[in-house]
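The values are calculated or read from the model by the stated rules, or taken from the named source; none is laboratory data. What you see is a predicted model; the values in this text were computed from it and never measured. Every residue, glycine as well, gets a Cβ built from its backbone with ideal geometry; the counts of neighbours run over all protein chains shown. For the accessible areas, the whole protein counts, side chains as well, though only heavy atoms, and no ligand, DNA or RNA atoms are used. Shrake-Rupley method; radii C 1.70, N 1.55, O 1.52, S 1.80 Å.
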Amino acid sequence: MKMRNQWLVPPLSAGLAAALLTGCGSSQEGASAGEGEAVVMGMSDDVLATDPASGYDPGSWLLFNNVFQSLLSFPKGATEPAPEAAEECGFADAATTVYECTLRDGLKFSNGNALTSKDVKFSFDRMMKIDDDAGPAIMFPMLDKVETPDAKTVVFKLKYADATFPSKIASGAGSIVDHRAYSGDSLRTDGEAVGSGPYKLDSFSKTEAVFSVNPQYEGTAEIKNTGMTLKFFHGDQTALKNALLNNKIDLAYRGLAAQDIADIQQNTSGKSGGIDVVEGSSAEVQHLVFNMEDPVVGKLGVRKAIAYLLDREALVNEVYEDTAEPLYSIIPAGIGGHNTAFFDTYGARPQPRKAEEALRAEGITDKVKLTLWATPSRYGPATVQEFKAIAKQLNASGLFDADVKSVEFDEYEKDIKAGKYGIYVKGWVPDYPDPDNFTQPFFGDGNVLDNRYENSTITGKIIPRTAAQSNRTATDKHYGQLQDIVANQLPVIPVWQAKQYAVVHDRVYGVENCLDASTVFRFWEISKG
């Protein structure tokens, strides 16, 4: 699995095949034609792809979730997937290795072509064959083959048990494309998209994407506007803020600086009058990552000293204006299996004496020289400020001589893979709201952190055991064990969990239905009147 974005609770209940059916569709059959006005939204993230076999970033998945259908989707506020293009889905065996879906009637793509099981199979086969480096195929190592007994039935055969498979196909990675409009072995590069979702993509450029309601849509969404225009600000937080204040956009999502959000929250008069800050839950996280083969931080005592000195409360207050929360484990709050392993082991406040003891146990008596590496082009300019604050905390103890360096993302990723950095930042926006998505990618085989960490208990026992468990609440004990191992061995240190914000003019409604742990931003929930 790749780092989506800057970097998610259970999909199914326990039982045999019949009890594992995800259920029938919502009572909202088909789309409304859309009501009210069209909405203009600004975002600092880029949309890196319009082809779902390639995009694996927040901007691209925002587009996919609105233009394409998946067999399942996450309803607003839900952490369990429900049928969307499918009428029903479920595991056909107790071993959770055969997953079957029946399509709803009347499905069509925006071009008028019928959507059948052939398109579903084509979409998954195509994604896996192309296997784009920037695409989601890496999410499906368990997928053996897709079969289509008839035009309405899709059967997924898995190589091994994976109870989180429904959540994975409910994400942007499960987007269904028209087999007549896409090549089976190459990506579309024309900036166009043909899906069966609530919206169709009318135009796409470097500055904006324009969406209108898809009249062919048959699914669960009830559309509350007549279209959406997405304005791109390419990381320019000031320009995004000014566009909002000057009524150039109706709402801003992902990209306002923490200080701007705090200022707007505190100032409801003057230019900020008529603008509201909408806060929602989020499972976005950020970690310090250690190269376990580095000559300095490869020593457990050094990593322990850093863990004892990190003051998360001060950090989120100073740098993020409380738009994030301290995170004390690798599974964030609100996700099944979450515990507070790092709080329990290292406390919430700096403990210089314990940090010094950890260093002395390694035989280290001099100041530890460290460079913390960041990349503002991926994780935002506040990341450098954050790392400078962490370096200051470490240096204040008298035990470290830490500095901060930053590079552009392409160089950053290459250097991490080459093992050039000892300590660096990684962020993660979940693909689906399950503890598996915060553990398997980081600590499973071929982990996305590239930090040379391996633990046979995690990879050989805990991950396979939790993946096979259809009753997700029954995995809490094992995920607790995994979190405790990570807290003791310290391949990473979790730092913060984001809050999710949108800033809107007072004629815009429904944004609160777009801000939850699924990270699905639902255009259709937003109205303007």
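For segment 366-382, residues that are open to solvent by 60 Å² or more (accessible area, probe 1.4 Å) and touching a Leu at 6+ places or on another chain (Cβ under 8 Å) total 1.
The set of residues in segment 339-355 being closer than 19 Å to residue 287 by Cα and open to solvent by 90 Å² or more (accessible area, probe 1.4 Å) consists of 343, 344, 349. Restricting attention to segment 322-338, the residues that are open to solvent by less than 30 Å² (accessible area, probe 1.4 Å) and not in a loop (DSSP other than H, G, I, E, B) total 1. In the set 465, 452, only one residue is open to solvent by 10 Å² or more (accessible area, probe 1.4 Å), at pLDDT 90 or above and outside any helix (DSSP H, G or I); that residue is 452. Total residues in segment 350-382 satisfying the condition of being assigned to a loop (DSSP other than H, G, I, E, B) and within 29 Å of the chain's Cα centre (by Cα): the figure is 3.
When residue 125 is tested against (1) touching a Gly at 6+ places or on another chain (Cβ under 6 Å); (2) surrounded by fewer than 23 Cβ atoms within 10 Å (Cβ to Cβ), only condition (1) is not met. Among the residues making up segment 388-409, a single one is within 16 Å of residue 375 (Cβ to Cβ) and among the polar types (S, T, N, Q): 406. When restricted to residues that are touching an Asp or Glu at 6+ places or on another chain (Cβ under 6 Å), closer than 22 Å to residue 215 by Cα and hydroxyl-bearing (Ser, Thr, Tyr), segment 71-124 contains 1.
The condition (being under 30 Å from residue 361 (Cβ atoms) and surrounded by fewer than 19 Cβ atoms within 10 Å (Cβ to Cβ)) is satisfied by just one residue among 296, 285: 296.
For residue 152, the requirement of being farther than 24 Å from residue 66 by Cα and either among the aliphatic types (A, V, I, L, M) or open to solvent by 10 Å² or more (accessible area, probe 1.4 Å) (or both) is not met.
So if I check each of 241, 200, 206, which one is of a type in the set (Lys, Arg), open to solvent by 20 Å² or more (accessible area, probe 1.4 Å) and within 22 Å of residue 113 (Cβ to Cβ)?
200
Of the residues in segment 422-443, not one is in a loop (DSSP other than H, G, I, E, B) and surrounded by fewer than 19 Cβ atoms within 10 Å (Cβ to Cβ). Within segment 75-106, the residues that satisfy the criterion of being aliphatic (A, V, I, L, M), farther than 15 Å from residue 168 by Cα and open to solvent by 10 Å² or more (accessible area, probe 1.4 Å) are 92, 94, 95. Of the residues contained in segment 397-410, none is found to be among the hydroxyl-bearing types (Ser, Thr, Tyr), out of contact with any Cys (no Cβ under 9 Å at 6 or more places or on another chain) and either under 20 Å from residue 58 (Cβ atoms) or surrounded by 22 or more Cβ atoms within 10 Å (Cβ to Cβ) (or both).
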